[in-house]
Amino acid sequence: MRLPRMGLTLRILAVLVVLGVAVFPLYWMIVTALSSNSDLFAQKARLVPDFSQFGVFIDALAEGKATTWLRNSLMIAVGTTVLSIGLGIPLGYALSRFSFGGKVVVTVVLLFTQMLPEALMVVPLFALFRRFDLLDSLGGLILVNSAFVLPIVALILKGAIDGLPRELEESARVDGARPLTVLTRINVPLIAPSLAATAVIAFFHAWNEYVFAVTFIFTPEKQPASVGIANFIGELGTPIQTVMAVAFMFTLPAVVFYLFAQKHVVAGMTAGAVKG
């Protein structure tokens, strides 16, 4: 009995170590944000947050900039996630279930787009956006982010649909279901774990994106949090406590979304394709 208990203890310790490594950056953000200038530049680092300095969070929210940045980031991330998944489902289904000329070429091109760095596309996209009056708009950022994340979303969903038995679709067609009904009522529920995974990828890509946001957005009220936090860095000084406070608030929505999506990934993995 000792060996199984020892193995269980080691696994618990390993989980705690991994959890500590993952959570420590968030904890250190709080400690830094809730530190006075004297503690911040002291010889010994402060390991416990000073909650008497909690006013830095209130001041960051009271100014309104952090709230506006977070709202813009949320709109961009949600719009990118919805658009990329909405287009990725039919594209992945077409690549998985239909045979057409150039199918291999399309797949290779989708893979090739993931090799292009964003910085390489800034200049041509800037000219294109200026022509179609998409500069300085959140909709433009949603489009460009969706264009970059759509290929990986489509390929992931293609792989998920490849693993579904065709007999389910054939049975639905025998019952009179149309192709769109087969896709939305049969395939989509069965690939829920892959949909949750692609939602996380799309959301995090748009939430953390900086290059296009700082290039295409000129109005401060339309900037996302990734650009707004960088604006705190100045030539003469940087309010570190404020930066960490806003950065912590910027991190929380992404963590909450990941926990929510992870729940659906687990639920989807335990679901089956059997009629009850």
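The values are calculated or read from the model by the stated rules, or taken from the named source; none is laboratory data. As the structure is a prediction and not an experimental result, all values here were calculated from the model. Note: ideal-geometry Cβ built from the backbone for every residue, glycine included; neighbour counts use all protein chains shown. Side chains included, ligands, DNA and RNA excluded: accessible areas come from the protein's heavy atoms. Shrake-Rupley method; radii C 1.70, N 1.55, O 1.52, S 1.80 Å.
For residue 64, the criteria (1) within 26 Å of the chain's Cα centre (by Cα); (2) open to solvent by 40 Å² or more (accessible area, probe 1.4 Å); (3) modelled with pLDDT under 85 hold in every case but one, which is (2). Taking the criterion of being open to solvent by 50 Å² or more (accessible area, probe 1.4 Å) and among the small types (Gly, Ala, Ser), the residues of region 128-164 that qualify are 147, 163. Within the set 206, 199, 261, the sole residue that is open to solvent by less than 20 Å² (accessible area, probe 1.4 Å), at pLDDT below 85, hydrophobic (A, V, I, L, M, F, W, C) and within 24 Å of residue 80 (Cβ to Cβ) turns out to be 261.
Looking at 155, 110, can you tell me which residue is in a helix (DSSP H, G or I) and touching a Ser or Thr at 6+ places or on another chain (Cβ under 9 Å)? So the residue among 155, 110 that is in a helix (DSSP H, G or I) and touching a Ser or Thr at 6+ places or on another chain (Cβ under 9 Å) is 155.
When the residues of region 165-189 are filtered to those that are among the β-branched types (Val, Ile, Thr) and either open to solvent by 40 Å² or more (accessible area, probe 1.4 Å) or under 24 Å from the mean Cα position of the chain (by Cα) (or both), the one that is farthest from residue 209 (Cα to Cα) is 174.
For residue 194, the criteria (1) among the polar types (S, T, N, Q); (2) under 25 Å from residue 75 (Cα atoms); (3) open to solvent by 40 Å² or more (accessible area, probe 1.4 Å); (4) at pLDDT below 90 hold in every case but one, which is (3).
Condition (residue is closer than 29 Å to residue 222 by Cβ, part of a helix (DSSP H, G or I) and open to solvent by 40 Å² or more (accessible area, probe 1.4 Å)) applied to region 85-98: is it met by at least one residue? Yes, the conditions are met somewhere in region 85-98.
The set of residues in region 214-258 that are crowded, with 19+ Cβ neighbours inside 10 Å and outside any helix (DSSP H, G or I) comprises 217, 223, 224.
Residue 34 meets all of the listed conditions (1) surrounded by 10 or more Cβ atoms within 10 Å (Cβ to Cβ); (2) over 21 Å from residue 251 (Cα atoms) but one, namely (2). Criterion first (more than 30 Å from residue 30 (Cα to Cα) and either among the hydrophobic types (A, V, I, L, M, F, W, C) or part of a loop (DSSP other than H, G, I, E, B) (or both)) does residue 74 satisfy it? The answer is no for residue 74.
Table: residues versus (1) without any contact (Cβ under 8 Å) to a residue 60 or more places away in the chain; (2) under 18 Å from residue 213 (Cβ atoms); (3) touching a Leu at 6+ places or on another chain (Cβ under 6 Å).
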| site | (1), (2), (3) |
| --- | --- |
| 107 | yes, no, no |
| 119 | no, yes, no |
| 123 | yes, yes, no |
| 135 | no, yes, no |
| 139 | no, yes, no |
| 145 | no, yes, no |
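Residues in region 40-49 that are modelled with pLDDT under 85 and surrounded by 10 or more Cβ atoms within 10 Å (Cβ to Cβ): 40, 42, 45, 46.
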